[in-house]
1. Among the residues of the range 153-173, write down those that are under 18 Å from the mean Cα position of the chain (by Cα) and open to solvent by less than 40 Å² (accessible area, probe 1.4 Å).
2. Of the conditions (1) away from the ligand (no atom under 16 Å from the Cβ); (2) in the same structural domain as GLY203 (by TED's automatic domain parsing), GLY228 fails just one. Which one is it?
3. Restrict the check to the range 310-325 and report whether at least one residue is within 16 Å of the ligand (Cβ to nearest atom) and either at positive phi or free of Cβ contacts under 8 Å to residues at least 12 places away in the same chain (or both).
4. Pairs needed: first member in the range 131-150, under 11 Å from ALA179 (Cα atoms); second member anywhere, aliphatic (A, V, I, L, M) and part of a loop (DSSP other than H, G, I, E, B); C-beta distance under 6 Å; at least 6 residues apart or different chains.
5. Tell me, which residue of the range 243-288 that is within 16 Å of the ligand (Cβ to nearest atom) and in contact (Cβ under 8 Å) with a residue 60 or more places away in the chain is most open to solvent (accessible area, probe 1.4 Å)?
6. Filter the range 289-301 down to the residues that are within 16 Å of the ligand (Cβ to nearest atom) and either in the same structural domain as ALA24 (by TED's automatic domain parsing) or surrounded by 15 or more Cβ atoms within 10 Å (Cβ to Cβ) (or both), then identify the one that is modelled with the lowest pLDDT.
7. Go through the residues of the range 161-170 one by one and say whether even a single one is out of contact with any Cys (no Cβ under 7 Å at 6 or more places or on another chain) and within 26 Å of LEU107 (Cα to Cα).
8. For the range 35-52, enumerate the residues that are in a helix (DSSP H, G or I) and touching a Gly at 6+ places or on another chain (Cβ under 8 Å).
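The values are calculated or read from the model by the stated rules, or taken from the named source; none is laboratory data. It should be emphasised that the depicted structure is a prediction, and the values quoted were computed from it without experimental measurement. Note that we place each Cβ from the backbone using ideal geometry, even for glycine, and neighbour counts take in every protein chain shown. Areas reflect the complete protein model, heavy atoms only, side chains present, ligands, DNA and RNA absent. Shrake-Rupley method; radii C 1.70, N 1.55, O 1.52, S 1.80 Å.
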Amino acid sequence: MTGKIGEGKGLLIIHPPAAKACEAPGGPARLAGALKAGGVACRLWDANLEGQLALMASAAQAASGDSDTWTRRAARHLEANLAALRSPELYAHRDRYGRAVRDTNRLLWAAARPSGVRLNLADYEDGRLNPVRSADLLAAAAEPAANPFHAWFAERLPEILAEMPVSHVGLSINYLSQALTAFAMIGHIRREYPSLRIVLGGGLVTSWMRRPGWRDPFGSLADGMIDGPGEAPLLDLFGKGHAGGFDRPDFDGLPLAGYLAPGAVLPYSASSGCWWQRCSFCPELAEGTPYRPVPPGQAVEDLRALTAKLRPALIHLLDNALSPAI
Ligand code: SF4
């Protein structure tokens, strides 16, 4: 990990918008399991799901006689479409499913359009800023109010922070579609909560840091950046060690029944890295991520305990490649 951070009280882990909101984020849940097992207070916040729902609701509320017919229809049917997207029946009807998705997309589009952003359930495209340019990420942090999610997270964040005292905020950034809003959130937190320490991690951050010639351009914004698995470096922030094994993921605080899927999905990683490592185009090979499998017996025990507690409709194995043993 880069950066120097002091010891603190607790950690808020944010899954920032925008990513597909069809299941809970597996990485933050794994980190929460390790932190809690190590005695560190931790709160997970799926700002992606919440933020998208909030933008849809505000666009539906704003739809008036001046709006076009499609937007008005999408606004009228928002609650019914969300309920349908959360039930299995819709998925047996391709045309009804398509209409529900197009209508919810229409509201996201309407909500983000004034910010010059094309937003839908699957992507975030800014007409002005490019998430692959660090200068644009810094610009997003310098002007958080320009982000379409800003009005919502500026109001919601104090409520989240009031739930439990935290000294650190971690942003888990895995997709390019999350990067600009993640940096807008970082800029906002830096400005409004200067005493909070900010840590960045996740798959995208790991890819950045493992690029040849990497120089940290975000030093003024982030107190630390984590390359690879976050359990040990995060526990270290709080003066705790990590035993090195695999902790059971903890999904507390994530609304498993609220995602846009026909039933609750339980994401689970039975390994990190890839045992195959022979595909020349693959970042797993270029980044040299070691293969670390959860012992099969423990994976089975984890899944047994998590399914008993969370009653998912589906288990999503997040592994790059499942080992024959698993
Ligand atoms: S993660 Fe997938 S693409 Fe990459 S080396 Fe493994 S099998 Fe190939």
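1. Those that are under 18 Å from the mean Cα position of the chain (by Cα) and open to solvent by less than 40 Å² (accessible area, probe 1.4 Å): PHE153, ALA154, LEU157, ILE160, LEU161, HIS168, VAL169, GLY170, LEU171, SER172, ILE173.
2. (1)
3. Within the range 310-325 (the criterion being within 16 Å of the ligand (Cβ to nearest atom) and either at positive phi or free of Cβ contacts under 8 Å to residues at least 12 places away in the same chain (or both)), the answer is yes, since at least one residue qualifies.
4. That search, which allows pairs on different chains as well, returns ASP136/LEU129; ALA140/LEU129; ALA141/LEU221.
5. First, pick out the residues of the range 243-288 that are within 16 Å of the ligand (Cβ to nearest atom): 269-288.
The next check asks that each one be in contact (Cβ under 8 Å) with a residue 60 or more places away in the chain; those that pass are 269, 283, 286-288.
Numbers: SER269: 36, PRO283: 72, ALA286: 89, GLU287: 42, GLY288: 49 Å².
Only one residue tops the list, namely ALA286.
6. Here is the first cut: in the range 289-301, the ones within 16 Å of the ligand (Cβ to nearest atom) are 289-293.
If we keep only those that are either in the same structural domain as ALA24 (by TED's automatic domain parsing) or surrounded by 15 or more Cβ atoms within 10 Å (Cβ to Cβ) (or both) too, we end up with 289, 291, 293.
On the way: THR289: 81, TYR291: 91, PRO293: 94.
That would be THR289.
7. So in the range 161-170, the residues out of contact with any Cys (no Cβ under 7 Å at 6 or more places or on another chain) come out as 161-170.
Adding the requirement that they be within 26 Å of LEU107 (Cα to Cα) leaves none.
Scanning the range 161-170 turns up no residue that is out of contact with any Cys (no Cβ under 7 Å at 6 or more places or on another chain) and within 26 Å of LEU107 (Cα to Cα).
8. Selection gives LEU49 alone.
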